[in-house]
Amino acid sequence: MKVTVSRKAHFNAAHRLYRPDWSFEKNDAIFGKCNNPNFHGHNYDLTVSVTGEIDPETGYVVDVKILKDFIKSEIEDAFDHKNLNVDVPEFKNLNPTAENIVVVIFDKLKAVLESNLELSVTLYETPRNFVTYSGD
Ligand code: NI
């Protein structure tokens, strides 16, 4: 019997979508306004879902307090009020699209969670645009 426990989180961050090996014109054609050289911000929302067996002793799949602390230390402290391109090492050579951000978030949380827990992360870049990664 597997149960999924989810926790929502939030961070604000700036980014610019571009490839340094492409011309400005090509970046502009592919990334549009997201290629603004002066960056732009998003209010990112996050849902982190952890699936596993209920521990018969505690009745928990995962202690939500521990999950909350991991999200704070690994994601919010690293990304909130940061320029993703400039301040976050994972995006030094990786375009900070929602797709790439959700994979980075997944990998950082997967590294600290107990290995028997399944993880899925959904990242909202806007209320209407969101991406999900479950490690496949
Ligand atoms: Ni953007």
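The values are calculated or read from the model by the stated rules, or taken from the named source; none is laboratory data. Please read all numbers here as calculations on a predicted model, not as lab measurements. As a convention, Cβ positions derive from the backbone with ideal geometry for all residues, glycine included, and neighbour counts pool all protein chains shown. Just the protein is used for accessible areas: all its heavy atoms, side chains included, with ligands, DNA and RNA removed. Shrake-Rupley method; radii C 1.70, N 1.55, O 1.52, S 1.80 Å.
In segment 117-136, the residues that are in contact (Cβ under 8 Å) with a residue 24 or more places away in the chain and among the acidic types (Asp, Glu) form Cβ pairs under 6 Å with partners that are within 16 Å of the ligand (Cβ to nearest atom) and open to solvent by less than 60 Å² (accessible area, probe 1.4 Å), at six or more places apart or across chains, as follows: 125/42; 125/98.
Within segment 29-47, restricting attention to residues that are out of contact with any strand residue (DSSP E or B) (no Cβ under 8 Å at 6 or more places or on another chain) and polar (S, T, N, Q), the residue that is least open to solvent (accessible area, probe 1.4 Å) is 35. Whether a residue is open to solvent by 30 Å² or more (accessible area, probe 1.4 Å) and free of Cβ contacts under 8 Å to residues at least 12 places away in the same chain was assessed, and residue 92 passes this test. A count restricted to segment 61-89 and to residues that are open to solvent by 50 Å² or more (accessible area, probe 1.4 Å) and aliphatic (A, V, I, L, M) stands at 3. Taken together, the criteria place residue 2 among residues that are of a type in the set (D, E, K, R), at pLDDT 95 or above and either open to solvent by less than 70 Å² (accessible area, probe 1.4 Å) or over 16 Å from the mean Cα position of the chain (by Cα) (or both). The set of residues in segment 47-59 that are more than 22 Å from the chain's Cα centre (by Cα) and in contact (Cβ under 8 Å) with a residue 24 or more places away in the chain comprises 53, 54.
Restricted to segment 95-126, and to residues that are within 16 Å of the ligand (Cβ to nearest atom) and surrounded by fewer than 16 Cβ atoms within 10 Å (Cβ to Cβ), which residue is modelled with the lowest pLDDT? Here the residue is 126.
Got at least one residue in segment 12-28 being open to solvent by 60 Å² or more (accessible area, probe 1.4 Å) and touching a residue at least 24 places away in the same chain (Cβ under 8 Å)? Yes.
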